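Engineer: Pasting in a structure now, in structure tokens, and then I'll have a few things to ask.
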Amino acid sequence: MKKLIVIDDDPLVLQAYSAAVSVLGHECQTFDCWKEAEPVITSQRPDAVFTDLNLGDDTGFDVLERIRLLFGPESPKVIAVSGESTDATQVADGGFDNYLRKPYSLTDLAKLLDDL
């Protein structure tokens, strides 16, 4: 079982992640901003953090940078999530470990989790 953190400012997206990850047999904690997620990420060191690229006050790139600063080379995997197709190139160049495009299927999520 993998421990996952999801950061997204859309409550419906957070509910969908939580349900999907649970069906796949993993543990998931959800947060709507970095400020709420940071203490949990720091104390529990998840296997992966899924972050939306557009978070209101922050971006997924901000989240990625903060996680890399906190953990250095031992960072959990950070997966960018976005509904914009143009974000794929930015994500590839930005240092994320993977990318999940919204809307995603349960099969897509399962494959990504298997690859962690």
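Engineer: Pairs only if they're at least six apart or on different chains, beta carbon under 7 angstrom, first in the range 49-70 and more than 12 Å from residue 81 (Cα to Cα), second part of a helix (DSSP H, G or I) and among the β-branched types (Val, Ile, Thr); list them, first residue then second.
Structural biologist: Short answer, once both residue conditions are applied: 67/41; 70/42.
Engineer: Inside the range 66-96, can you point out the residues that are among the small types (Gly, Ala, Ser), part of a helix (DSSP H, G or I) and in contact with a helix residue (DSSP H, G or I) (Cβ under 8 Å, 6 or more places away or on another chain)? Step through it out loud before you land on a result.
Structural biologist: At the first step, the residues of the range 66-96 found to be among the small types (Gly, Ala, Ser) are 72, 75, 80, 82-83, 85, 88, 92, 94-95.
Going one step further and asking which of them are part of a helix (DSSP H, G or I), we end up with 72, 88, 92, 94.
Of everything in the range 66-96, just one residue is among the small types (Gly, Ala, Ser), part of a helix (DSSP H, G or I) and in contact with a helix residue (DSSP H, G or I) (Cβ under 8 Å, 6 or more places away or on another chain), namely 94.
Engineer: Right, next: Residues 52, 57, 10: which one is of a type in the set (D, E, K, R) and either closer than 16 Å to residue 96 by Cα or at pLDDT 95 or above (or both)?
Structural biologist: Unique residue meeting the criteria: 52.
Engineer: Among the listed residues 89, 30, which satisfies the condition of being under 19 Å from residue 112 (Cα atoms) and buried (at least 17 other Cβ atoms within 10 Å of the Cβ)?
Structural biologist: Sole residue among the options that is under 19 Å from residue 112 (Cα atoms) and buried (at least 17 other Cβ atoms within 10 Å of the Cβ): 30.
Condition check ((1) hydrophobic (A, V, I, L, M, F, W, C); (2) within 20 Å of residue 59 (Cα to Cα)) across all residues:
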| position | (1), (2) |
| --- | --- |
| 3 | no, no |
| 11 | no, yes |
| 19 | yes, no |
| 22 | no, no |
| 29 | no, yes |
| 34 | yes, yes |
| 40 | yes, yes |
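Engineer: Then there's this: Filter the range 92-116 down to residues that are farther than 16 Å from residue 46 by Cα and of a type in the set (Asp, Glu) and give me whichever is surrounded by the fewest Cβ atoms within 10 Å (Cβ to Cβ).
Structural biologist: If we filter the range 92-116 for residues that are farther than 16 Å from residue 46 by Cα, which is where we start, we get 92-95, 99-111.
Imposing the further condition that a residue be of a type in the set (Asp, Glu) reduces the set to 93, 108.
Values: 93: 8, 108: 13.
By that ranking, first place goes to 93.
Engineer: Look at residue 41 and say whether it is assigned to a helix (DSSP H, G or I) and either modelled with pLDDT of 95 or more or within 13 Å of the chain's Cα centre (by Cα) (or both). I'd like the intermediate steps shown before the answer.
Structural biologist: Values: assigned to a helix (DSSP H, G or I): yes; either modelled with pLDDT of 95 or more or within 13 Å of the chain's Cα centre (by Cα) (or both): yes.
The answer is yes for residue 41.
Engineer: From the list 23, 40, 49, which one is surrounded by 18 or more Cβ atoms within 10 Å (Cβ to Cβ) and not acidic (Asp, Glu)?
Structural biologist: On the way: 23 fails: surrounded by 18 or more Cβ atoms within 10 Å (Cβ to Cβ); 40 fails: surrounded by 18 or more Cβ atoms within 10 Å (Cβ to Cβ).
The conditions single out 49.
Engineer: Separate question: Sort through 9, 62, 57 and tell me the only one that's part of a helix (DSSP H, G or I) and farther than 21 Å from residue 107 by Cβ.
Structural biologist: 62
Engineer: Going through the range 1-20 one residue at a time, which ones are free of Cβ contacts under 8 Å to residues at least 60 places away in the same chain, in contact with a strand residue (DSSP E or B) (Cβ under 6 Å, 6 or more places away or on another chain) and among the charged types (D, E, K, R)?
Structural biologist: Answer for the range 1-20, where residues must be free of Cβ contacts under 8 Å to residues at least 60 places away in the same chain, in contact with a strand residue (DSSP E or B) (Cβ under 6 Å, 6 or more places away or on another chain) and among the charged types (D, E, K, R): just 3.
The values are calculated or read from the model by the stated rules, or taken from the named source; none is laboratory data. Please read these numbers as outputs of a predicted model, since none were measured by experiment. Note that we place each Cβ from the backbone using ideal geometry, even for glycine, and neighbour counts take in every protein chain shown.
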